[in-house]
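Reviewing the structure listed below.
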Amino acid sequence: MKTLKIAIQKSGRLNEKSVELLKNCGLNFENYKSSLISPVSNFPLEILFLRDDDIPEYVQDGIADLGIVGENVIQETEVEVNYLQRLGFGKCALKIAITNNSDITDLQHLNGKSIATTYPAILGKFLKENNIQSDIRNISGSVEIAPGLGLADAICDLVSTGGTLKSNGLKPFADVMSSEAVLIGRKGDEDNILIQELIQRIQSVLRAKETKYVVLNIHRDNLPKIMSLLPGVKSPTIVPLAEADWVAVHTVIPERDFWDRISSMKQAGAEGIVVMPIEKIIL
C-alpha cells in the first residue's frame, strides 16, 4: 500500500496546531524541527515540514497527497486543489488598514492610492471586483511599517487581534477575505482509501472538540422535558438509578450552546450534573 505524504508548516502560526491535530488522530511521529520528513510509525503516512507558501504547489503537483495550510496561502498561490476539511484553527482576516489620521473614508478613496502587501494576487482581485485602481506595492516582510516610511498610503495584511496594527499607528479599514487552516488534497484523489480514513480520524477529533459529554440525574417525572432538551448524537442514554423513580441521563451537548443547555437542564430538575471532555466522536 502506498505511503501517503501530508505537508504541514515547518514553523509559524499553524505548525503547533497542525502537529497537535495529527497527534490527536492517534498518529505517532516525532516533530523534527530540523528535518524535512518525519515518518508515522503506526499509519502509512509521512509528514513533510515545509514553508507554508510551498504547500499548495506540492499538493497540486502530487509531491504531497495532502496539506494543511491557510486559505489565504491557497488563494494567493492560485493553485488547483480540493478543500477536504476546514480545521477550525488559524482563523484570521486579510484586511486593508490605513493610518489613524488618514483621510480615506470610503473604498473608492483608494483609487490612485498605493497599498503595500505580501498578497498582491488576492488584493488585486479584490480591487478589481470593486472597480478600484490602486498601486499595489508587493513587499516581502513586515508591511505595517510601509505607511510610516512613506512607502504606501495603506496596507493589506493578515490581522488576528489587531495589536500589530495599533502599535504601528494603523486601523482596520476594509475586509478582503477571512481565512482558516484547511486540509487540502490533489484533484482526482478524493476516493483514495487511506485519505478517506485519515479524514475520518480528523473529523472525529474536530467533532469531539465541539461537544461535551454530560451525565445528570433526574426524576422520571421530569424526564420528558430533559429528553426534549438533550437530543444527543441520536438520543440520550437512560440508566435507572438505585433510588426509586430516578435515572441517569447520558448525552452530548454542543460547545456553542453549552451554558444555555446547562441552565435549561437545572431548571428542568437535573441534579448532579457531570461534564467531561470527549476525545473522539466517530459516526
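Structure notes:
- Range in the chain, longest, excluding exposed GluC sites (Glu not before Pro) [loop by DSSP; at most 12 other beta-carbon atoms within 10 Å]: 81-189
- Estimated [θ] at 222 nm from DSSP helical runs (n ≥ 4, -39500 (n - 2.57)) normalised by residues in the chain, nearest 500: -7000 deg cm²/dmol
- Cα centroid of segment 95-153 to Cα centroid of segment 245-262, whole Å: 49
- Pairwise Lys count, segment 92-179 - Cα closer than 20 Å, eight or more residues apart or different chains: 8
- The relative contact order of segment 1-110 comes to 29 percent, based on Cα pairs under 8 Å that sit 6 or more residues apart.
- Its relative contact order, with pairs defined as Cα atoms under 8 Å and 6+ residues apart, puts segment 211-277 at 52 percent.
- Sequence-separation-based contact order of the chain, relative, with Cα cut under 8 Å and 6+ spacing, percent: 18
- DSSP assigns beta bridges within the chain; of those with both partners inside it, close to 75 percent run antiparallel.
- Potential lengthening of the chain between Ser142 and Asp106 amounts to 10.5 nm, from the contour at 0.36 nm per residue minus the alpha-carbon distance.
- Neighbour counts of C-beta atoms inside 10 Å place Ile98, Ile55 in the sequence Ile98, Ile55, starting with the fewest.
- Subtracting the Cα-Cα distance of Arg86 and Asn42 from 0.36 nm times their residue separation leaves 13.4 nm of extension gain.
- Counted residue by residue at 0.36 nm each, then reduced by the alpha carbon distance between them, the extension gain from Asp260 to Ser167 reaches 29.7 nm.
- Quarter the surface of the alpha carbon convex hull of segment 130-186 and you get the mean projected area, 5.9 square nanometres.
- Sorted ascending by nearby beta carbons within 10 Å, beginning with the fewest, Tyr83, Tyr58 become Tyr83, Tyr58.
- Taking a Cβ cut-off of under 14 Å around Tyr213, the surrounding Lys, Arg, Asp and Glu residues balance to a net charge of +2, with basic ones at +1 and acidic ones at -1.
- Computed log₁₀ I(q)/I(0) - Debye formula, equal Cα scatterers, no solvent, the chain, q 0.14 Å⁻¹: -1.00
- Placing a label point 7 Å from the Cα of Glu57 along the Cα-to-Cβ direction, the residues of segment 1-44 with a backbone N closer than 17 Å are 7-10.
- Rounded to 5, percent antiparallel among DSSP beta bridges of segment 92-179: 65
- Size check on segment 211-277: the Cα extents along the three principal axes, sorted descending, read 34, 20, 20 Å.
Taken together, the values in this text are just the output of simple stated rules run on the coordinates, not laboratory data. Being a predicted model, the structure only gives us computed values, none of them experimental. Don't worry about glycine lacking a Cβ; one is built from the backbone with ideal geometry, like all the others, and counts go over all protein chains shown.
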